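Notes follow once the structure below has been shown.
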Amino acid sequence: MAGRSDLKHRLVTRFQRYLANPLNRRLPFQVLLETTGRTSGLPRQTPVGGRRTGESFWLVSEFGYKSQYVRNIQADPKVRVRIAGRWHHGTAHLLPEDDPVARLRSLPRFNSTAVRAFGTSLLTIRVDLED
């Protein structure tokens, strides 16, 4: 089963990296998560789905600790999130103790369905917004 999960991860990430993400980054309504590259130090923007609740933004990573943006968060939790065309600074927290399947039920349905369908190792992330 590990081989099948690895193949799924490779196929989905290639699709996202070369087709879906470049297109989605250009959409003004798309939520973007900006991390700092752990090696390059450059800003890295990733389209994500999630929901703002009060002063926090919640999302679920479909590949958990294998996701590049999760690895960047581990190296530097200071992030920015573009919500409705406006950038917000924040601090990201990885929450392995949270139930990501239950969390997905409270997030936008379209993205949650895709995360459940394509994800292999779900991980909840909370961004505490500063502004």
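The values are calculated or read from the model by the stated rules, or taken from the named source; none is laboratory data. For clarity, every value in this text was computed on a predicted model and none was experimentally measured. Note: ideal-geometry Cβ built from the backbone for every residue, glycine included; neighbour counts use all protein chains shown. The protein model used for the area step is the full one, side chains on, heavy atoms only, and it has no ligands, DNA or RNA in it. Shrake-Rupley method; radii C 1.70, N 1.55, O 1.52, S 1.80 Å.
Okay, here's what the table says:
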read-out	value
Single residue of 50, 41 found to be at pLDDT 70 or above and buried (at least 17 other Cβ atoms within 10 Å of the Cβ)	50
Filtered residues of region 54-105 (kept if among the polar types (S, T, N, Q), surrounded by fewer than 15 Cβ atoms within 10 Å (Cβ to Cβ) and touching a residue at least 40 places away in the same chain (Cβ under 8 Å))	56
Some residue of region 123-131 being without any contact (Cβ under 8 Å) to a residue 60 or more places away in the chain, surrounded by 19 or more Cβ atoms within 10 Å (Cβ to Cβ), out of contact with any Gly (no Cβ under 8 Å at 6 or more places or on another chain) and of a type in the set (S, T, N, Q)	no
Top-ranked residue of region 106-122 - restricted to ones that are open to solvent by less than 60 Å² (accessible area, probe 1.4 Å) and modelled with pLDDT under 90, ranked as nearest to residue 51 (Cα to Cα)	108
Single match in 79, 101, 70 (criterion: touching an Asp or Glu at 6+ places or on another chain (Cβ under 8 Å) and β-branched (Val, Ile, Thr))	79
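Table: residues versus (1) within 11 Å of the chain's Cα centre (by Cα); (2) β-branched (Val, Ile, Thr); (3) closer than 24 Å to residue 3 by Cα.
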| site | (1), (2), (3) |
| --- | --- |
| 50 | yes, no, no |
| 60 | yes, yes, yes |
| 64 | yes, no, yes |
| 84 | no, no, no |
| 87 | no, no, no |
| 93 | no, no, no |
| 110 | no, no, no |
| 117 | no, no, yes |
| 126 | yes, no, no |
